[in-house]
Amino acid sequence: MITATRFLRRDPADVTPWAETCGQIRCLIEEKDGAAGEVHHVEIQDAKLHYHERTDEFYYVISGQGTMILDEEEIELHAGVVVYVPRGVRHKAKGNLTVLTVCVPRGVLGDVHEVE
């Protein structure tokens with residue numbers, strides 16, 4: 001794999017957020033950076049149920065409390081919890097949450113399939 005640079009450092013405060021399926025997203029490591037995956041800082045707001053065909057996601061809850069629907073199951077979320085969401089699993093987070101998502105492989109923003 002060829003990467004775009006030797007290393008990357010980004011501060012969420014330096015990245016302008018924009019509305020996406022899960023809420024306000026800041027792309028810290030993007031597809032165009034050429035890394036193996038992507039890293040997003042997300043403030044969950046009115047997330048929509050969705051899935052990814054080609055992308056696995058890891059959610060790390062930075063702060064807040066809420067729940068996540070994974071197919072037919074609902075789990076509790078709070079600061080420090082990590083959730084692995086394999087490709088194909090319908091999911092959405094609910095509550096007042098700030099999360100870091102790691103998406104592998106890169107290209108997740110072109111792989112969002114809303115079901116509600």
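The values are calculated or read from the model by the stated rules, or taken from the named source; none is laboratory data. Fair warning: this is a prediction, and the values are worked out from it, not measured in the lab. Every residue, glycine as well, gets a Cβ built from its backbone with ideal geometry; the counts of neighbours run over all protein chains shown.
When the range 93-116 is examined, which residues are found to be closer than 17 Å to residue 39 by Cβ, assigned to a strand (DSSP E or B) and not small (Gly, Ala, Ser)? Quick ask: steps written out before the conclusion?
Step one: of the range 93-116, the residues closer than 17 Å to residue 39 by Cβ are 93, 97-112.
Going one step further and asking which of them are assigned to a strand (DSSP E or B), we end up with 93, 97-104.
Of everything in the range 93-116, those that are closer than 17 Å to residue 39 by Cβ, assigned to a strand (DSSP E or B) and not small (Gly, Ala, Ser) turn out to be 97, 98, 99, 100, 101, 102, 103, 104.
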Would a scan of the range 2-16 turn up a residue that is closer than 15 Å to residue 95 by Cβ and of a type outside the set (D, E, K, R)? no
Give the residues of the range 58-92 that are in a strand (DSSP E or B), more than 17 Å from residue 26 (Cα to Cα) and either touching a residue at least 60 places away in the same chain (Cβ under 8 Å) or among the aliphatic types (A, V, I, L, M) (or both), sorted by residue number. 68, 69, 70, 75, 77, 82, 83, 85, 92
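Let's see how each residue does on (1) in contact with a helix residue (DSSP H, G or I) (Cβ under 8 Å, 6 or more places away or on another chain); (2) surrounded by fewer than 19 Cβ atoms within 10 Å (Cβ to Cβ); (3) more than 17 Å from residue 114 (Cβ to Cβ):
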| site | (1), (2), (3) |
| --- | --- |
| 19 | no, yes, no |
| 22 | no, no, no |
| 33 | no, yes, yes |
| 38 | yes, no, yes |
| 44 | no, no, no |
| 48 | no, yes, no |
| 52 | yes, no, no |
| 58 | no, yes, yes |
Looking at this structure, is residue 108 surrounded by 16 or more Cβ atoms within 10 Å (Cβ to Cβ), of a type outside the set (Gly, Ala, Ser), at pLDDT below 95 and in contact with a His (Cβ under 8 Å, 6 or more places away or on another chain)? yes
